[in-house]
Amino acid sequence: MSLRHFYDLAELPRGDVEDLVSRGRELARGAAAKRFPGRALGLLFLDPSLRTQASFQRAAGRLGLDLVQPAGGIWNLETDESAVMDGDKAEHVKEAAAVLGRYVDVLGVRSFAQGGAAGKGGDPDRLTRGFERYAGVPVINLESARFHPCQALADRLTLDSRELPQGGRFVLSWAWHPKSLPVAVPNSTLLMAAQRGMDVVLLRPDGYDLDADVMARASDLASKNGGRLRATSDRTAAMEDALVLYAKSWGCPLDRGDPAAEAVRRARLRDEWCVRESWFAGADGDAVFMHCLPVRRGVVVEADVLDSRRSIVIDQAENRLHAQTALLEALLTGLDSSPQRGHAAQDREDSR
Ligand code: CP
């Protein structure tokens, strides 16, 4: 597998995703991880995290990696190539990325604040893309405004571990939330389920579609892999024989750039779009409930669903560890055999 950066899971060929999942399953069953003495993983969190941070820290330990994790905040970063930096940005991503790339062999970056669901114009992932461009080492997207590939890889591992049949119905449902949230998780979830060849249903209130380019890619992936994709606001039809209900909230694209209008639109949906047990009436008897976490009890989903045997949210979170250990193994193994090595590795080589 040749993996330069890990930005969007669905960019990888299905076979490569399956190789990562297969290795993740071995690791989950207790297989020993490879060790990479002298290598280092950098983690840069520009937005909060519990699972992503803790699972990468643990994965680094399993792989024998040094961990470089700037704490206490960093300078506000500029991404505009031609900026005269006389405003609030104290450092350009060009230098920040290049410096971190001298300290580590793989760099993870979380930055979903620029743009998010409410942003208008430009690439909302320009900071993550800037790190890819200038770090000189592989960059893992730890969640950007548009994609959360590590969550999607772990979710794919969770589906495969439960041996849920390809072609079974996978419902990705919008759920209510007090804030207008980014689209990274729903985008990556939709693409992951489509690439797995599932019967994917996007269940959402009218107006809450995902971006057209993501829908088109998901539709293409589904049909290439024996599945299908459709969007509906008809919950009864969507949930018929469903194997999975994956809940997530996201901001309405019709109100992008106008948070006040979005808040008014969203407020009307509160009671109808909190997941409850009655949603599963027509579903498969063993249908599962999934969510990436963190989740608001009694808001996104009723507590009795979250606490029931349907809920596999803790398995999803555990699988972050196994999936990311497999991912780091693949990236670092690729570095060992690639002429495109990071600066830090090259310097070590030069000094021998
Ligand atoms: N699901 C997820 O990415 O969790 P954190 O935001 O806690 O990392």
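The values are calculated or read from the model by the stated rules, or taken from the named source; none is laboratory data. Values in this document were obtained by computation on a predicted structure and should not be read as measured data. Please note: Cβ atoms are built from the backbone with ideal geometry, for glycine as well, and neighbour counts cover all protein chains shown. Surface areas here come from the heavy atoms of the whole protein model, side chains and all, with no ligands, DNA or RNA. Shrake-Rupley method; radii C 1.70, N 1.55, O 1.52, S 1.80 Å.
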Quick one: Karplus J couplings for the stretch 29-46, per residue in order, coefficients 6.51, -1.76, 1.60, θ = phi - 60°, nearest Hz, x for Gly and Pro?
7, x, 4, 6, 7, 5, 10, 10, x, x, 8, 9, 10, x, 10, 10, 9, 9
Estimated inter-spin distance, A83 and R29, nm [label 7 Å along Cα→Cβ]
4.9
Given a 1.4 Å probe and every protein chain left where it sits, what share in percent of the accessible area of the chain is carbon and sulfur?
48
Cα long-axis angle, helix 212-224 against the chain (0 to 90 degrees, to the nearest 10):
80
Packing-ranked peptide list from 8-14, 243-249, highest mean Cβ count within 10 angstrom first, is 243-249, 8-14
Which of the lysines could a cross-linker bridge to K179, judged by Cα under 22 Å and excluding same-chain residues fewer than eight apart?
K120, K248
Show me the ranking of peptides 36-49, 144-157, 124-137 by mean Cβ neighbours inside 10 Å, starting with the highest.
144-157, 124-137, 36-49
So what does log10 I(q)/I(0) come out to for the stretch 193-352 at q = 0.10, 0.20 Å⁻¹, using the Debye formula with one equal point on every Cα and no solvent?
-0.53, -1.39
Surrounding charge for R266, neighbours by C-beta under 10 angstrom, Lys/Arg +1, Asp/Glu -1, total +2
What accessible area per residue comes out for the stretch 176-263, rounded to a whole number of Å², with a 1.4 Å probe?
34
So the angle from the long Cα axis of helix 313-336 to the longest Cα principal axis of the chain, reported in degrees to the nearest 10, equals 30
At 222 nm, what helix-only mean residue ellipticity would the chain give, in deg cm²/dmol to the nearest 500, using -39500 (n - 2.57) for each DSSP H run of four or more?
-11500 deg cm²/dmol
Residue-ordered couplings for the stretch 52-64, obtained by feeding phi - 60° into the Karplus form 6.51 cos²θ - 1.76 cosθ + 1.60 and rounding to whole Hz (Gly and Pro as x), are 5, 5, 5, 6, 6, 4, 5, 4, 4, x, 4, 9, x
Accessible area per residue in Å² at 1.4 Å probe, computed on the stretch 77-172
37
Can you list the residues, at least 5 places off or on another chain, whose amide H is less than 5 Å from the amide H of V288, using H built in the peptide plane?
V244, L245
The stretch 149-157 - phi-based ³J(HN,Hα) in whole Hz, Karplus 6.51/-1.76/1.60, Gly and Pro as x
x, 5, 5, 5, 5, 5, 5, 4, 4
Quick note, the stretch 124-266: a/c under 1.5 would make it rounded; otherwise a/b > b/c is prolate and the rest oblate (a ≥ b ≥ c, C-alpha gyration tensor); here it is oblate
Alpha-carbon centroids, the stretch 287-337 and the stretch 184-228: separation in whole Å:
19
Length gained if R58 through E272 is fully extended, taking 0.36 nm per residue and subtracting the Cα-Cα distance, is 73.1 nm
Taking only Cα atoms, what is the 0 to 90° angle, nearest 10, from helix 93-103's long axis to the longest principal axis of the chain?
70
In whole percent, what relative contact order does the chain give with Cα contacts below 8 Å and a gap of six or more residues?
22
List S219, S308, S2, ordered by accessible area with a 1.4 Å probe, largest first
S2, S219, S308
Overall Cα dimensions of the chain - principal axes, largest extent first, Å
65, 51, 35
Got the relative contact order for the stretch 97-256 handy, in percent, Cα pairs under 8 Å and 6 or more residues apart?
25
Over the stretch 1-102, volume per residue of the alpha carbon convex hull, in Å³
145
How large is the charge dipole for the stretch 196-352, taken about the Cα centre, if only the Cβ atoms of Lys, Arg (+1) and Asp, Glu (-1) carry charge, to the nearest 20 debye?
180
Taking placed amide H atoms and a strict 5 Å upper bound, the residues 5 or more places from F6 or on another chain that come that close are V139, I140, N141
